[in-house]
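The values are calculated or read from the model by the stated rules, or taken from the named source; none is laboratory data. Remember, it's a predicted structure, so these values are computed and weren't measured experimentally. Cβ atoms come from the backbone with ideal geometry, glycine included; neighbour counts cover every protein chain shown. Heavy atoms of the whole protein, side chains included, go into the accessibility calculation; ligands, DNA and RNA do not. Shrake-Rupley method; radii C 1.70, N 1.55, O 1.52, S 1.80 Å.
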Amino acid sequence: MSGTKAPCSEFTDSDSDDKEEQTAMVCLETDLHDGQMMEVDIGRHSVLLTRCDGKYSAISNQCSHYGAPLSKGVISGHKVRCPWHGSCFNALTGDLEEFPGIDSLPCHKVKIQNSKVYVSINKKDIRHQKRLQRMGAAVPGVNHTVLLLGGGAASLICAETLRQENYGGRIIMASRDDLLPYDKTRLSKVMNVLSGDTIVLRKKEFFQQYNIEVWLQKEAVSVDTEKKTVTFDDGLVQSYDQLLLSTGCRAKGLDVPGRKLDNIKMLETPEDARQIHAASLGCNIVLVGTSFVGMEVASYMIDKASSITVVGSSDMPYQNTLGREVGKITMMMLLEKGVRFYMNDHVTEIKGVNGKVKEVVLKSGNVIPADVLIVGIGSMPNSEFLQGTKIQKNSKNYVVVDKYMRTNVPDVFCAGDLASFPLALAKNQLVNIGHWQMAQAALGRIAALNMLKKTTELTSVPYYWTILQGRTIRYAGYGEGYTEIVMKGNYEFEERKFLALYIKNDEVIAAVGLDYDPVVSAVAERLLSGKVITKKEAQSDDPSWLQVS
């Protein structure tokens with residue numbers, strides 16, 4: 001259930017001589033039952049008070065990811081799930097239990113006296129709304145090296161997990177990027193304000209403190225799994241004891257005449273985002289692709305570009321991921337703002353003047369004026385450097401792993417967008433999910449634990465989101481193969497608020513919602529717990545099926 005806000009009956013502010021021990025305290029009269037939570041204000045600090053198995057606990061109420069109020073989320077046992085992006089925290093300790101957040105939360109003291117609940121917080125916790133889990137560092141004399149290929153979140157979380165689990169060997173993260181690991185989900189959402197300092201997930205000092213070597217602008221060109229070495233583009237040969245492949249994917253380009261003209265853009269880096277923003281101001285822009293990148297960039301440009309045209313190969317945007325019904329809603333959201341769509345069409349030629357894009361020619365014969373062409377038609381895996389190895393890849397060149405993130409070659413693991421892995425929710429069907437929470441962070445953690453022989457299977461439920469017109473559409477589950485959608489809410493007008501439940505074999509396998517919090521998070525918890533949500537429950541107006549505790 002989601003929480004309420006508690007009235008404060010007493011508040012005290014204790015000033016001891018030790019500034020680090022100064023505390024603020026609140027006294028509550030509450031009748032919380034097991035499986036319930038509420039927001040409590042202590043001074044200017046929002047605290048989440050929970051009760052599980054008769055015991056009260058208190059942690060920070062702000063999710064460490066983007067500050068969502070956890071009291072509006074879902075509590076299940078000793079776990080609280082964020083309503084916005086699905087991060088999970090242990091209600092007893094504040095420890096992070098599910099991504100996309102990467103930090104844990106402060107835990108506060110609770111005592112019961114005379115039937116009243118007293119919550120006190122250390123003032124240093126007010127200054128720090130999140131905390132890093134305890135981490136170790138390299139231990140002198142430990143002659144063991146874990147080499148992480150790729151500089152994304154999967155490598156970062158793998159490195160952090162190794163140190164959190166007291167791995168004392170050498171950790172090397174090699175990335176072809178010129179930035180430390182950063183939040184790629186923001187590239188299509190805040191394109192003009194991205195800088196290295198604002199987008200990186202950890203600062204340089206973090207890597208130095210915990211002895212995580214980061215090699216930037218260094219790309220692997222080959223791997224020798226017999227000798228356990230990796231050769232890089234500058235000729236360096238590095239040996240390893242265990243290897244993580246997390247080189248991710250790159251954007252696909254158009255293969256049509258005119259593809260090398262100037263002002264044809266693809267969004268892969270913060271610099272790409274800044275260039276697209278600058279080039280598009282007051283101009284006619286055309287976006288090819290109607291999935292996450294194309295639609296988010298189109299939405300972002302609505303008050304910036306002179307005209308916006310989107311070209312898609314299917315009937316509706318997001319059709320392959322969210323289905324026709326939801327795709328139609330998203331298209332209407334942008335049509336109402338003047339965005340033009342050419343669906344069931346594709347680009348056959350790009351015409352230019354003086355070396356720059358001028359027109360985009362479609363198969364239908366339509367010719368669209370264009371000053372900037374932005375291509376978002378999918379991605380391909382960065383796995384060419386594995387040619388000649390015995391590492392198994394599928395027909396699309398993604399690396400195949402088991403539920404422990406192990407490849408078929410000993411001591412070689414894979415995580416992130418590059419991995420094709422068995423998804424428990426889909427009866428261990430091999431899938432490739434290029435979304436932040438699952439492919440990036442969750443897989444990195446599982447790989448690290450199994451490197452350390454701490455046998456751990458991947459059980460996470462996919463959870464992702466997209467932002468259109470400042471409104472977030474959230475998705476949980478794995479909807480491939482659904483046969484029916486149950487739609488709830490209002491999806492015809494500008495004040496849209498809807499929930500779509502995807503049905504297969506008379507069971508809910510996924511959910512997507514707009515302004516329907518915390519239902520998508522509740523569905524994620526039900527799917528994770530293995531408690532079936534039946535088609536009958538989905539169709540019912542009785543919300544009791546949302547209870548997960």
- [ ] Tally up the carbon and sulfur contribution to the accessible surface of the stretch 254-377 as a whole percent, 1.4 Å probe, everything protein left in place.
- [x] 46
Open item on the list: How large is the Rg to Rh ratio of the stretch 21-127 when both quantities use alpha carbon positions and Rh follows Kirkwood?
Closed with: 0.94
Open item on the list: Over the chain, with the other protein chains present, what is the accessible area per residue in square angstrom, probe 1.4 angstrom?
Closed with: 43
Task: Cut-off 12 Å between beta-carbons: net charge of the residues surrounding residue 386, Lys and Arg +1, Asp and Glu -1 - done: 0
Open item on the list: Here are a few candidate values for Rg/Rh (Cα atoms, Kirkwood Rh): [x] 0.98; [y] 1.51; [z] 1.12. Which one was actually calculated from the structure I just gave you?
Closed with: [x]
Open item on the list: Tell me which of 112, 464, 145 sits at the most positive position along the dipole axis of the chain, charges placed on C-beta atoms (Lys, Arg +1; Asp, Glu -1).
Closed with: 145
- [ ] At 7 Å along the Cα-to-beta-carbon direction for both residue 143 and residue 356, put a label point, then send me their distance in nm to one decimal.
- [x] 6.1
Task: Within the accessible area of the stretch 21-127 (1.4 Å probe), percent carbon and sulfur - done: 43
TODO: First check a/c for the stretch 406-549, with a ≥ b ≥ c the square roots of the eigenvalues of its C-alpha gyration tensor; if it is under 1.5, answer rounded, and if not, answer prolate when a/b is larger than b/c or oblate otherwise.
DONE: prolate
Task: Computed lengthening from residue 222 to residue 387, 0.36 nm per intervening residue step minus Cα-Cα distance - done: 58.6 nm
- [ ] Compare the Cα positions of 366, 102, 209 along the charge dipole of the chain (+1 at Cβ of Lys, Arg; -1 at Cβ of Asp, Glu; about the Cα centre) and return the one farthest towards the positive end.
- [x] 366
Open item on the list: Quick check for the stretch 21-127: number of Lys pairs with alpha-carbon distance under 17 Å, counting only pairs 8 or more apart or on different chains?
Closed with: 6
TODO: Just check the stretch 145-188 against the gyration tensor rule for me: Cα atoms, a ≥ b ≥ c as the square roots of the eigenvalues, rounded for a/c under 1.5, and otherwise prolate or oblate depending on whether a/b exceeds b/c.
DONE: oblate
- [ ] Lys and Arg at +1, Asp and Glu at -1: add these up for the other residues within a Cβ distance under 10 Å of residue 269 and post the number.
- [x] -3
- [ ] Counting other Cβ atoms within 10 Å, keep those with at most 13, restrict to DSSP loop, and tell me which trypsin sites (Lys or Arg not before Pro) in the stretch 174-275 are left.
- [x] 203, 227, 260
- [ ] Could you tell me what percent of the accessible area of the stretch 470-546 is made up of carbon and sulfur, with a 1.4 Å probe and every protein chain present?
- [x] 46
Task: Antiparallel bridges, percent of DSSP beta bridges restricted to the chain (to nearest 5) - done: 70
Task: Mean residue ellipticity (222 nm) of the chain, computed from DSSP H runs ≥ 4 via -39,500 (n - 2.57), nearest 500 - done: -4500 deg cm²/dmol
Task: Of 265/356; 260/351; 328/488; 204/453; 403/531; 403/504, those spanning more than 19 Å from alpha-carbon to alpha-carbon - done: 204/453; 403/531; 403/504
- [ ] Provide the net charge surrounding residue 351, with neighbours chosen by a C-beta distance below 10 Å and charges set as Lys +1, Arg +1, Asp -1, Glu -1.
- [x] -1
Task: Point-to-point label distance, residue 367-residue 93, nm (Cα→Cβ direction, 7 Å offset) - done: 6.6
- [ ] Amide H neighbours of residue 148 under 5 Å, at least 5 residues apart or on other chains, H built in the peptide plane: list them.
- [x] 172, 173, 174, 244
Open item on the list: Quick check: Cα centre of the stretch 475-549 to Cα centre of the stretch 106-150, how many Å?
Closed with: 34
- [ ] For the stretch 262-351, report the convex hull volume of the alpha-carbon atoms normalised per residue, in Å³, without decimals.
- [x] 95
Task: For the stretch 66-82, 3J(HN,Hα) per residue [Karplus equation, 6.51 cos²θ - 1.76 cosθ + 1.60, θ = phi - 60°, Hz, x = Gly/Pro] - done: 10, x, 5, x, 5, 4, 8, x, 10, 10, 9, x, 9, 10, 10, 10, 5
Open item on the list: Restricting to DSSP loop positions (anything but H, G, I, E, B) with no more than 15 other Cβ atoms inside 10 Å of their own Cβ, which trypsin sites (Lys or Arg not before Pro) remain in the stretch 443-549?
Closed with: 453, 454, 531
